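**Student:** Quick one: the structure is below, and I'll ask about it shortly.
The values are calculated or read from the model by the stated rules, or taken from the named source; none is laboratory data. Model, not experiment: these values are computed from the prediction. Glycine gets a Cβ as well: all are built from the backbone with ideal geometry, and neighbour counts include every protein chain shown. What goes into the accessible areas is simple: the full protein's heavy atoms, side chains included, and nothing from ligands, DNA or RNA. Shrake-Rupley method; radii C 1.70, N 1.55, O 1.52, S 1.80 Å.
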Amino acid sequence: MKNNSIIDVVDVDFYYGTFQALTDITMNFEKNEVTALIGPSGCGKSTLLRLLNRMNDLIDGARLVGQVIFEDRNIYAADVDPVEVRRRIGMVFQKPNPFPKSIFDNITYGPKLHGVRKKRDLEDLVEASLRQAVLWEEVKDILNRSAMTLSGGQQQRLCIARALAMKPDVVLMDEPTSALDPISTAKIEELIDELKENYTIIIVTHNMQQAARVSGKTGFFYLGRLIEFNSTEKIFTNPEEKQTEDYITGRFG
Ligand SMILES: Nc1ncnc2c1ncn2[C@@H]1O[C@H](COP(=O)(O)OP(=O)(O)OP(=O)(O)O)[C@@H](O)[C@H]1O
């Protein structure tokens, strides 16, 4: 276990009912690093991402064997509160999914549920989160407007701001740009690069160039197994496994 590790996945198998979606996964995620999870459709990337903050708990029949250690505790231990896990390890989804509420209320919804009440504190949180998500300048004069009126790229940055408002340590991103145009995609990629100063980012992506651009480490998955986990540079220039090479050069997947 490396010192700089924030999450350690140890000997994890994962099942949907009788179907085994992940087999024997051991890997770690380093603090203030961007880690990309790549691999062909159905290889288990999203399953792995979702089990890092117990999102799969909500699925009937889902079962995990093994441990996910976050700051020295197994997040699947009986006394761990999954709501607190999800506050510390936030998530941004493939399609921007703002609440049908104002921009302001989108950001304050979670913090209010967690007890932030003072108007001034909420206003400060809204500004800080939107600034971090590089959206503040575009929306500072329309905070009361419905989030649904924003463009797709702005909505996704709002969803990132909403995740950041919970003051997480880790942000999980599941194909966060797949529904966006190239300009919005570039903005989110720049944002990811800035966010790693303060957060640990784990991103699932189908876009090889994106993985190469934004991440420091990359894990390649195939049929529910972690085939290779290495520095992004090594994965994309000189992978150790033939399957990795075949995938990144477009020979399958
Ligand atoms: N809720 C579920 N119930 C049953 N099987 C599921 C469920 N979610 C995913 N699976 C199966 O688990 C396997 C891994 O799915 P997962 O979504 O993790 O793959 P992925 O690599 O993220 O794929 P994609 O790139 O297409 O999103 C697939 O075979 C999928 O059909």
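**Student:** Taking every Cα atom in segment 145-209, find the radius of gyration and the maximum pairwise distance Dmax, and write them in Å.
**Tutor:** Using the Cα atoms of segment 145-209, the pair Rg, Dmax is 11.8, 36 Å.
**Student:** At 1.4 Å probe size, with the rest of the protein present, what percent of the exposed accessible area of the chain is carbon and sulfur atoms?
**Tutor:** 48
**Student:** What's the local net charge at residue 224, with K and R +1, D and E -1, over the other residues with C-beta under 13 Å away?
**Tutor:** Every neighbour counted, the sum reads 0.
**Student:** Using only the alpha carbons of segment 92-232, determine the length spanned along each of the three principal axes and report them from longest to shortest in whole angstroms.
**Tutor:** Extents along the principal axes: 49, 30, 25 Å.
**Student:** Would you work out the relative contact order for segment 5-248, in percent, from Cα pairs under 8 angstrom that are 6 or more residues apart?
**Tutor:** The value is 28 percent.
**Student:** How many times 2.2 N^0.38 Å is the alpha carbon radius of gyration of segment 1-107?
**Tutor:** 1.15
**Student:** Tell me the per residue accessible area of the chain using a 1.4 Å probe; a whole number in Å² is fine.
**Tutor:** About 48 Å² of surface per residue is accessible.
**Student:** Then there is this: What Kirkwood hydrodynamic radius do you get for segment 5-248 when you take the inverse of the mean 1/r over all pairs of distinct Cα atoms, in Å?
**Tutor:** 18.5
**Student:** If contacts are Cα pairs under 8 angstrom and at least 6 residues apart, what is the relative contact order of segment 11-139 in percent?
**Tutor:** About 19 percent, as a whole number.
**Student:** Still on this structure, please answer the following. Set Lys and Arg Cβ to +1 and Asp and Glu Cβ to -1, take the dipole of the chain about its Cα centre, and tell me which of 34, 77, 184 lies farthest positive.
**Tutor:** Sorting the options by dipole projection puts first 184.
**Student:** Cα-based Rg of segment 62-124 per 2.2 N^0.38 Å, rounded to two decimals?
**Tutor:** Against the compact-globule rule of thumb, the ratio is 1.46.
**Student:** Another one. Among 125, 199, 68, pick out the residue whose Cα is farthest towards the positive end of the charge dipole of the chain, where Lys and Arg carry +1 and Asp and Glu carry -1 on C-beta, about the Cα centre.
**Tutor:** 125
**Student:** Under 8 Å for C-alpha pairs, at least 6 residues apart: give me the relative contact order for segment 138-253, rounded to a whole percent.
**Tutor:** Across segment 138-253, relative contact order equals 16 percent.
**Student:** Dipole of the chain, Cα-centred, from +1 at each Lys and Arg C-beta and -1 at each Asp and Glu C-beta, to the nearest 20 debye?
**Tutor:** Charge dipole of the chain: 740 debye, to the nearest 20.
**Student:** Rounding to the nearest 20 debye, state how big the charge dipole of segment 81-147 is about its Cα centre with +1 on each Lys and Arg Cβ and -1 on each Asp and Glu Cβ.
**Tutor:** So the dipole magnitude of segment 81-147 works out to roughly 220 debye.
**Student:** Between 194, 175, 71, which gets the highest mean-square fluctuation from a Gaussian network model of the chain, Cα cutoff 10 Å?
**Tutor:** 71
**Student:** Can you tell me which of 77-87, 96-106 comes out highest on packing, and rank the rest after it, using the mean Cβ neighbours within 10 Å?
**Tutor:** Packing order, densest peptide first, comes out as 96-106, 77-87.
**Student:** Would you mind getting me the FRET efficiency between residue 141 and residue 94? Use the beta-carbon distance for r and R0 = 22 Å, nearest 0.05.
**Tutor:** Calculated transfer efficiency: 0.15.
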